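Here's the structure we're looking at; comments come further down.
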Amino acid sequence: MKVTQITPGRFHHFQLARQMERLGLLAAIWSGYPHFKLKDETGISSEKIHTFPPLHTPFMVWDRIPVVNKLHGLQRELAWWDMQTLDAYVAAQLREPTILLALSSVGLKSGRKAQDLGGFHICDRGSSHIRFQEDIVNEERTLWGIEREPFDPRVVAKEEAEYEQAELITVPSEFVERSFVERGVPLEKLRLVPYGARLERFSVTGEPASDEFTALFVGQFSLRKGAPYLLEGFARLSHPRKKLIIVGSIEGAIKPLLDAWPLEGVEFRGQVPNADLPNLYSRADVLVLPSIEEGFGMVMGEALACGCPVVATSNTGAKDLFSDGREGFRIPIRDSGAIGEALQKVADSRGSMREAAVKRARSIGGWDQYGDRMQEVVAELSSTHTGVLS
């Protein structure tokens with residue numbers, strides 16, 4: 001039985017599709033992205049890539065339109081119906097048994113249809129349990145005096161229905177696994193499958209400047225990503241020539257707070273082309289990922305592949321990726337003191353972790369290890385219920 005995937009955007013699912021194709025298991029992958037945005041997705045037979053973009057495409061330009069990006073109510077409705085229509089459309093296309101492997105929020109109807117046809121539903125959740133995620137994100141907003149923003153209750157209910165309906169739930173880190181168990185999901189229903197890194201794209205292209213110390217952050221600069229703790233931790237670092245490079249957009253909610261946070265030595269680069277990232281990683285002394293909640297920060301694997309050690313919280317999947325004190329440092333959430341301490345250790349070591357970082361990234365085996373583990377999950381499911389993997 002082959003695998004049919006569903007993902008609203010790209011996320012890690014096209015890496016997964018390449019792996020399923022490599023292993024002869026891919027039936028199709030459905031995405032909300034329009035075809036012209038997927039032309040660079042090599043390694044997958046073009047006839048297996050299907051799109052349903054009517055409601056997802058507006059998200060790709062939403063932030064570029066000053067008027068509409070403030071209409072949160074409209075955005076919520078669009079997001080909901082984007083997920084609903086993609087899910088329903090794929091359900092209507094299924095004609096034969098398949099293992100429906102859907103990113104959470106878009107697999108309830110299609111997963112049930114797959115089961116009705118004699119197939120199975122795997123719910124693939126890239127972040128922590130949705131109720132854990134909602135609680136910790138809103139807890140953070142309260143800490144910083146920002147109005148709480150409850151998740152769409154329809155989405156929460158749908159996700160929990162998917163958790164219940166699916167035969168298995170795949171998660172990328174021990175942190176995510178723990179969040180599900182804490183919310184009452186049986187451990188035996190969960191399968192831990194950490195993501196990989198694109199070793200063909202990310203490799204060492206240079207070295208950090210010998211007379212400077214450069215810390216790097218890549219991602220949306222937000223409360224969820226631990227923005228204030230990063231700035232406070234960096235301010236604690238003692239070094240005559242230090243800088244912190246922020247790559248990515250700034251969350252609108254924190255912009256009014258920036259002036260009250262320490263910004264000396266901080267450079268905001270905004271969005272940069274993906275092709276520029278290997279050079280940024282290679283010339284940085286350390287990548288910092290102080291997220292409050294993140295299922296698995298793929299930037300960590302990218303940085304390690306470029307010889308850049310990582311300082312990351314326990315809520316990022318760091319435990320599943322690198323050893324504390326060897327390729328970087330793992331720290332608690334909401335601890336600017338721990339960030340400053342870890343940065344100081346990296347600065348004082350002057351590059352001794354770089355070789356270990358590259359070795360660790362290579363040992364992961366790119367995305368093949370992820371694909372092989374997912375194949376085991378598919379085989380386990382098929383053999384458990386049918387006795388045969390066909």
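The values are calculated or read from the model by the stated rules, or taken from the named source; none is laboratory data. None of the values given here were measured: they were computed from a predicted structure. A quick note on method: Cβ atoms are made from the backbone with ideal geometry, for glycine too, and the neighbour counts reach across all protein chains shown. Calculation scope for accessible area: heavy atoms of the full protein, side chains included, ligands and nucleic acids excluded. Shrake-Rupley method; radii C 1.70, N 1.55, O 1.52, S 1.80 Å.
Some observations on this one:
- Scanning segment 328-348 for residues that are over 15 Å from residue 242 (Cβ atoms) and at pLDDT below 95 yields nothing.
- Only one of the listed residues (309, 290) is under 16 Å from the mean Cα position of the chain (by Cα), in contact (Cβ under 8 Å) with a residue 24 or more places away in the chain and surrounded by 20 or more Cβ atoms within 10 Å (Cβ to Cβ). That residue is 290.
- Only listed residue being within 17 Å of residue 311 (Cα to Cα) and either among the aliphatic types (A, V, I, L, M) or surrounded by fewer than 15 Cβ atoms within 10 Å (Cβ to Cβ) (or both), chosen from 249, 238: 238
- Given (1) surrounded by fewer than 15 Cβ atoms within 10 Å (Cβ to Cβ); (2) modelled with pLDDT under 75; (3) of a type outside the set (Gly, Ala, Ser), index of the condition residue 42 fails: (2)
- Residue within segment 50-66 that is under 19 Å from residue 101 (Cα atoms), surrounded by 21 or more Cβ atoms within 10 Å (Cβ to Cβ) and either in contact with a helix residue (DSSP H, G or I) (Cβ under 7 Å, 6 or more places away or on another chain) or at pLDDT below 95 (or both) present: yes
- Residue match in segment 252-260 (condition: open to solvent by 20 Å² or more (accessible area, probe 1.4 Å) and β-branched (Val, Ile, Thr)): no
- Residue count for segment 211-257, restricted to those that are part of a loop (DSSP other than H, G, I, E, B) and among the charged types (D, E, K, R): 6
- Residue match in segment 360-372 (condition: buried (at least 17 other Cβ atoms within 10 Å of the Cβ), over 18 Å from residue 212 (Cα atoms), at pLDDT 95 or above and among the aliphatic types (A, V, I, L, M)): no
- Lone qualifier among 78, 86 - being assigned to a helix (DSSP H, G or I) and either in contact with a strand residue (DSSP E or B) (Cβ under 9 Å, 6 or more places away or on another chain) or modelled with pLDDT of 95 or more (or both): 86
Residue by residue, here is whether (1) under 23 Å from residue 20 (Cα atoms); (2) part of a helix (DSSP H, G or I); (3) of a type outside the set (A, V, I, L, M, F, W, C); (4) at pLDDT 95 or above holds:
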{"residue": "90", "(1), (2), (3), (4)": "yes, yes, no, yes"}
{"residue": "106", "(1), (2), (3), (4)": "yes, no, no, yes"}
{"residue": "109", "(1), (2), (3), (4)": "yes, yes, yes, yes"}
{"residue": "122", "(1), (2), (3), (4)": "yes, no, no, yes"}
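- Of the residues 148, 154, the single one that is out of contact with any Cys (no Cβ under 8 Å at 6 or more places or on another chain), of a type outside the set (S, T, N, Q) and not in a helix (DSSP H, G or I) is 148.
- The set of residues from segment 336-349 being open to solvent by 10 Å² or more (accessible area, probe 1.4 Å), out of contact with any strand residue (DSSP E or B) (no Cβ under 7 Å at 6 or more places or on another chain) and more than 18 Å from residue 224 (Cβ to Cβ) comprises 337, 341, 344, 348, 349.
- Qualifying positions in segment 136-194 - touching a residue at least 40 places away in the same chain (Cβ under 8 Å), open to solvent by less than 30 Å² (accessible area, probe 1.4 Å) and of a type in the set (A, V, I, L, M, F, W, C): 136, 146, 155, 166, 168, 169, 171, 175, 176, 180, 185, 193
- Answer residue from segment 112-124, given it is touching a helix residue (DSSP H, G or I) at 6+ places or on another chain (Cβ under 6 Å) and open to solvent by less than 10 Å² (accessible area, probe 1.4 Å) and is nearest to residue 151 (Cα to Cα) among those: 123
- Number of residues in segment 313-335 that are open to solvent by less than 10 Å² (accessible area, probe 1.4 Å), under 14 Å from the mean Cα position of the chain (by Cα) and not hydroxyl-bearing (Ser, Thr, Tyr): the value is 3.
- Considering the conditions (1) on the phi > 0 side of the Ramachandran plot; (2) over 20 Å from the mean Cα position of the chain (by Cα), residue 270 is excluded by exactly one of them, (2).
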